[in-house]
Structures are given as C-alpha cells and as structure tokens.
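Here the structure comes first, spelled out in structure tokens, and everything after it is commentary.
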Amino acid sequence: RRGGVAVNGLGLAALYAAFAAVATAVNLGTQALAHALLDAAQNPDERSRRAANAHARIERDFTVHTQVAKIEAILNQVAAAHANRR
C-alpha cells in the first residue's frame, strides 16, 4: 500500500490505471484491451501516468455540477419530446 488506499490488494492508482486502460481500449477489441491491461500491469511509469490522467478526468468531468447539468439536459429533452406529442 503506497500512496493510496488498498482495494483487494490494488491501490487506487492501479484501479484508475485499469479503468483508463479499459476506457481507452473499449472500441479496439479484446486483443487491444488485453494488451493495454498487460502494458499497465507491467509498466509502472505508464500505469502512474494513466492513473493521474484518469483521476484528473474524473475530478474534471464527473463533478456534481456536471452530472446535474447532464441529467437536467436529458430531462429537458424528455419533457420537450412529451410536449411535442400533444
């Protein structure tokens, strides 16, 4: 446990790196995903870089304010679609 909370033997940085690898490789297929995960597991510097980028993106893009704005936009679209049916 170094620089974070351990989660089933993984630190949060490793978890962020794994999520970043999954998000990056999702459209590339299973072989690319496997390669990205292996690369993250075997390369501590790359894993740290991905973890830092993922953490920054989460803090930037997934705040309460941004999520409320997205939900509000969806609800407005639903309300407008419902109003147009009348």
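Observations, loosely collected:
- Each Lys or Arg adds one and each Asp or Glu takes one away; over the other residues whose Cβ falls under 13 Å from the Cβ of Thr63, this sums to +1.
- For the pair Leu37 and Phe62, the difference between a 0.36 nm per residue extended length and the Cα-Cα distance amounts to 6.7 nm.
- Compactness of region 41-86 - radius of gyration and Dmax, Cα, Å: 18.4, 59
- Distance between the 7 Å Cα→Cβ label points at Glu72 and Thr30: 4.3 nm.
A short reminder: the numbers here are calculations on the coordinates, not readings from a lab. Since the model is a prediction, treat every value here as computed from it, not as a measurement. Heads up, the Cβs are rebuilt from the backbone with ideal geometry, glycines too, and the neighbour counts pull from every protein chain shown.
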